Amino acid sequence: MKICITSQGKDLESEIDPRFGRCKYFIFYDTDTMQYEAVENPWRAAQQGAGTQAGQFVAFKGAKVLITGKIGPGAESVIKSAGIKIVEANGKVIDAINKIKKEV
């Protein structure tokens, strides 16, 4: 299963970024292979539509779960329509991943 986490840094020890559409990085973590990829958020400085575009990107990347701080209504609509579960969290990326892995 692929998990997307909004992150303030490029690694699993980074803090979860509380902003979805304007987060610094998206970390995509695969629970089957335990591999991850950090992608800088290209919509961070967008004038408008950052959340919606970020939501489409997360769906395109195949995430089944999104871990983030807060998410706006436009992005939430895109994420939910793609069948992605939204989990609000804070703390370290790795801690949130481990919590989700125990729940699945």
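Summary of values
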| quantity | calculated |
| --- | --- |
| Among Gln47, Thr6, Phe28 the positive-end extreme of the charge dipole of the chain (Cβ point charges) | Gln47 |
| Between region 54-95 and region 1-22, the alpha-carbon center distance in angstrom | 10 |
| Non-local Lys pairs in the chain, i.e. 8 or more apart or on different chains, that have alpha carbons under 13 Å apart | 9 |
| The chain, accessible surface, carbon-and-sulfur percent (1.4 angstrom probe) | 49 |
| Isotropically averaged projected area of the chain, using the convex hull of Cα atoms (one quarter of hull area), nm² | 5.5 |
| Whole-percent pair-distance distribution, where bins are 10 Å wide, for the alpha carbons of region 1-54 | 29, 50, 19, 2 |
| Rounded accessible area per residue of region 8-104, 1.4 Å, Å² | 57 |
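The values are calculated or read from the model by the stated rules, or taken from the named source; none is laboratory data. Remember, predicted model here, so these are calculated numbers, not experimental data. With ideal geometry, Cβ positions are generated from the backbone for all residues, glycine too; neighbour counts draw on all protein chains shown. These area figures cover heavy atoms from the full protein model, side chains too; ligands, DNA and RNA do not enter into them. Shrake-Rupley method; radii C 1.70, N 1.55, O 1.52, S 1.80 Å.
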